[in-house]
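Inspection log for the structure reproduced underneath, given as structure tokens.
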Amino acid sequence: MRPHFVPRALSTALSASALVLAVGALNEVAAQDAPTFSADVAPILFENCVRCHQPDGIGPMSLLSYQEARRYASRIRQKVESGEMPPWHLDKTVGIQAYKNDISLSARQIQTIVRWADAGAPEGDPSVLPPAPDIPDGRDFVLTGELGPPDFVIQSTPYTVQANAQDQWWSPNVSFEGVIDQPRYVRATEMKGSYPNGAKVLHHGHVTLSMVDEQGRRSSRPLGRQGVGKGGDLFPENTGMLIQPEGQVNWNLHYFPIAEVVEDEQAIAGVWLYPEGYVPEYETIGEQRFTADMGGDMPWAGDIVLPPHSVKVQQGVHVMDRPVMVSSFRPHMHMRGREQSVEAIYPDGRREMLGKVDNYSHFWQISYAFEDQVAPLLPKGTVLLITTVWDNTAANPINPDPRQWVVFGQRGVDEMSHVWLGMTYLTDEQFERLSAERTRMAAAEDGG
Ligand code: HEC
């Protein structure tokens, strides 16, 4: 801390050298008080950064050692202060704030990093350095750490991603023959590019199972949805997704070149099952897409039209025809996307913000997984209001060209406007029971 203001009487009373001395002493006190890598900064990096910033991770550099962190201290300071790192784009002033996968920093942690960088990134006493965290093998699924290896793994057919090109898509269909021999409940899914380069070129993708049940009814379920920064989908306790043995696997992969050829890339998806014969209480359908671009009488998303240098808002509504529990929220726009939110308007007229990102970045596809005890429970008749805000001005740092008209399309320079919500539809009886449990929990908390 530097003195901003020295009273005139005092400054004339002090000789110039005394002032310098005083300021020097203050700086020394500040440096002594400054956070150090070993005691203060490493615990934050280990907890919130090194899952990506390690030699095998998707981050551009490792932050495991003091030498590495010190080299990047000023960039770390800048990215952390601006809220760009770690990637977590939720507005912390509205909506639900308890998430299973929250990697964001508290205001205090941000201050610690800022003060550390400003003090010259001191190392401190290496003997207090916490042990480095276990870094998962890049070949493994992240969920393997928690659930063990998946029950089965499916794979796309090979595709060579060009070194320098625009977006590339690959949508092969693969047989599901013989993977499971009876209907089963899925507990978790995780999809990724192959190790090591596939993960870098796969911007996002979906793999769905188009299946036929014993009565001949057709439906489809996601066996994996991936995006940069998104982990696997572990369904809430006692919640599973039913899949049938008969069907076909449809891959839908969106690749982005990385200036080197990635030969014969094959995406994979791991699927964890509940034990044979086990029927979970709640059945989920996984992530379901809700658009803001309703289109009216226009073709899908025909109503996305961003004039040059404009900021545009778009809203879409969806009425729930059954009660539902929402377990996760994943916004999706492209390079002009700035904000997206999901609000619930309950049948009694009450309106509640569920989740909102106000610092969206197209480079990330993060799924915000609500903690079980706050996962929205919506009665039949609830209106979901999806709001998208695009910024096609020069103020948007990743806008490739604010002079362009922008319409709907697959490429990053085109736009989209939808959210993915993890949906577990409920019977009336299940809804009543879960609501009563919440009320009981709230009362217990108030009481004690
Ligand atoms: C989910 C993965 C992930 C996490 C967690 C993460 N980062 Fe990053 N980080 C990346 C990726 C990928 C990039 C490069 C693309 C970009 O800048 O968005 C990056 C870029 C950066 C950069 C810019 C590097 C440069 O040369 O410009 C800094 C600094 C940084 N991260 C620091 C951090 C810090 C500090 C944390 C934790 C507080 C953190 N990151 C957490 C993945 C991650």
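The values are calculated or read from the model by the stated rules, or taken from the named source; none is laboratory data. Everything quoted here is computed from the prediction, not taken from an experiment. Virtual Cβ from ideal backbone geometry, glycine too; neighbours counted across all protein chains shown.
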Report summary line: Pairs returned, first residue in the range 36-51 that is without any contact (Cβ under 8 Å) to a residue 60 or more places away in the chain, second residue that is within 12 Å of the ligand (Cβ to nearest atom) and not in a loop (DSSP other than H, G, I, E, B), beta-carbon separation under 7 angstrom, 6 or more apart or interchain, are L45/A69
Report summary line: Residue hits (the range 35-66; touching a Gly at 6+ places or on another chain (Cβ under 7 Å) and either among the hydrophobic types (A, V, I, L, M, F, W, C) or away from the ligand (no atom under 11 Å from the Cβ) (or both)) are T36, F37, S38, A39, C52, D56
**Report entry** Residues that are at pLDDT below 95, of a type in the set (A, V, I, L, M, F, W, C) and outside any strand (DSSP E or B), drawn from the range 396-433
**Finding:** I398, V413, M416
Query raised in the report: When you look at Q244, is it closer than 26 Å to M325 by Cβ and in the same structural domain as M211 (by TED's automatic domain parsing), yes or no?
Result: yes
Report summary line: The condition from (1) in contact (Cβ under 8 Å) with a residue 40 or more places away in the chain; (2) in a loop (DSSP other than H, G, I, E, B); (3) more than 16 Å from the ligand (Cβ to nearest atom) that Q97 misses is numbered (1)
Report summary line: A69: passes all of (1) in contact with a Leu (Cβ under 7 Å, 6 or more places away or on another chain); (2) away from the ligand (no atom under 13 Å from the Cβ); (3) not basic (K, R) but (2)
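Matching residues to (1) more than 13 Å from the ligand (Cβ to nearest atom); (2) within 26 Å of V374 (Cβ to Cβ); (3) in contact (Cβ under 8 Å) with a residue 24 or more places away in the chain:
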| position | (1), (2), (3) |
| --- | --- |
| I76 | no, no, yes |
| G83 | no, yes, yes |
| T93 | yes, yes, no |
| S106 | no, yes, no |
| I113 | no, no, yes |
| P133 | no, no, yes |
| D137 | yes, no, yes |
**Report entry** Unique residue being within 23 Å of S361 (Cβ to Cβ), aliphatic (A, V, I, L, M), in contact with a helix residue (DSSP H, G or I) (Cβ under 8 Å, 6 or more places away or on another chain) and surrounded by 19 or more Cβ atoms within 10 Å (Cβ to Cβ) when the list is I103, I110, I96
**Finding:** I96
Report task. Determine if the range 220-229 includes at least one residue that is of a type in the set (D, E, K, R) and within 22 Å of V419 (Cα to Cα). Result -> yes
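Table: residues versus (1) basic (K, R); (2) in the same structural domain as Q404 (by TED's automatic domain parsing); (3) at pLDDT 95 or above.
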site	(1), (2), (3)
A259	no, no, no
D264	no, no, no
A292	no, yes, no
W300	no, yes, no
L306	no, yes, yes
V311	no, yes, yes
M325	no, yes, yes
